[in-house]
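Reviewing the structure listed below.
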Amino acid sequence: MERRKYILISLIFLIFWVGVILFFGTRNPEESSNQSYFVYNVIKSIDNVFDFSDTKWFREIEVFLKKLWLGDQYADSIALVRKSAHFGIYFILGVFSWLFGYLYSKRLLIGTLLGVSLPALIAALDEYSQEFVGRGSSLNDVLIDISGAVFANIIILVIYVVYKILKGIYLRHK
């Protein structure tokens with residue numbers, strides 16, 4: 001019974017997060033811009049307190065992400081916030097998808113496959129649906145979304161392997 005409870009809870013989190021993603025995807029261009037500016041202003045307020053944007057590592061990360069996600073096109077900070085949001089939201093979806101797949105099947109491979117394929121499907125559907133609310137769809141955004149889910153799954157797999165190794169060492173020395 002305990003396992004079923006965890007599966008149900010993970011499914012609820014997964015469905016909720018897909019709903020959040022689809023909600024953001026259905027915002028019209030003006031609402032979407034307002035959301036981006038709000039997040040940008042929050043980040044700037046935090047920066048005014050901690051002054052992290054003047055550090056060398058911040059500038060290097062900013063340049064790296066702009067080149068990675070936006071290529072050679074000019075991009076302001078708002079564009080970087082939007083692309084980072086894509087990555088982060090789908091990172092979380094990758095975690096929830098993996099967790100549900102793993103808990104349901106008790107198989108690492110199933111968790112990983114679901115942890116990447118479900119976010120990829122949702123990303124494609126979300127970008128497609130944006131055409132109906134006056135926003136353009138972008139293959140680049142889908143790739144950023146998928147990269148967030150893949151990165152989440154890589155981190156999960158590394159943690160899983162380290163856990164198994166440490167558990168094996170512990171059991172041998174017990």
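The values are calculated or read from the model by the stated rules, or taken from the named source; none is laboratory data. What you are looking at is a predicted structure, and each value in this text was computed from that prediction instead of being measured. Here Cβ is always computed from backbone atoms with ideal geometry, including for glycine, and neighbour counts include all displayed protein chains. Ligands, DNA and RNA are excluded from the accessible area calculation, which covers all protein heavy atoms including side chains. Shrake-Rupley method; radii C 1.70, N 1.55, O 1.52, S 1.80 Å.
Can you find even one residue in the range 117-132 that is closer than 21 Å to I21 by Cβ, surrounded by 16 or more Cβ atoms within 10 Å (Cβ to Cβ), hydroxyl-bearing (S, T, Y) and without any contact (Cβ under 8 Å) to a residue 60 or more places away in the chain?
Checked the range 117-132: no residue is closer than 21 Å to I21 by Cβ, surrounded by 16 or more Cβ atoms within 10 Å (Cβ to Cβ), hydroxyl-bearing (S, T, Y) and without any contact (Cβ under 8 Å) to a residue 60 or more places away in the chain.
Would you pick out the residues in the range 27-79 that are basic (K, R) and without any contact (Cβ under 8 Å) to a residue 12 or more places away in the chain?
K44, K56, R59, K67
Which residues, taken from the range 88-115, are of a type outside the set (A, V, I, L, M), open to solvent by less than 50 Å² (accessible area, probe 1.4 Å) and under 19 Å from E127 (Cβ atoms)?
Of all residues in the range 88-115, those of a type outside the set (A, V, I, L, M) come to 88, 90-91, 94, 96-98, 100-102, 104-107, 111-112, 115.
Restricting the remaining residues to those that are open to solvent by less than 50 Å² (accessible area, probe 1.4 Å) gives 88, 90, 94, 96-98, 100-101, 105, 111-112, 115.
Within the range 88-115, G88, Y90, G94, S97 meet the criteria.
For S147, which of the numbered conditions (1) of a type in the set (G, A, S); (2) open to solvent by 50 Å² or more (accessible area, probe 1.4 Å); (3) out of contact with any helix residue (DSSP H, G or I) (no Cβ under 6 Å at 6 or more places or on another chain) fails to hold?
Going through the list (1) of a type in the set (G, A, S); (2) open to solvent by 50 Å² or more (accessible area, probe 1.4 Å); (3) out of contact with any helix residue (DSSP H, G or I) (no Cβ under 6 Å at 6 or more places or on another chain), S147 breaks only (2).
Go over the candidates S33, S105, S45 one by one and state the one that is closer than 24 Å to R135 by Cβ and more than 19 Å from the chain's Cα centre (by Cα). Show your work before the answer.
Details: S105 fails: closer than 24 Å to R135 by Cβ; S45 fails: closer than 24 Å to R135 by Cβ.
Selected residue: S33, the only one of S33, S105, S45 that is closer than 24 Å to R135 by Cβ and more than 19 Å from the chain's Cα centre (by Cα).
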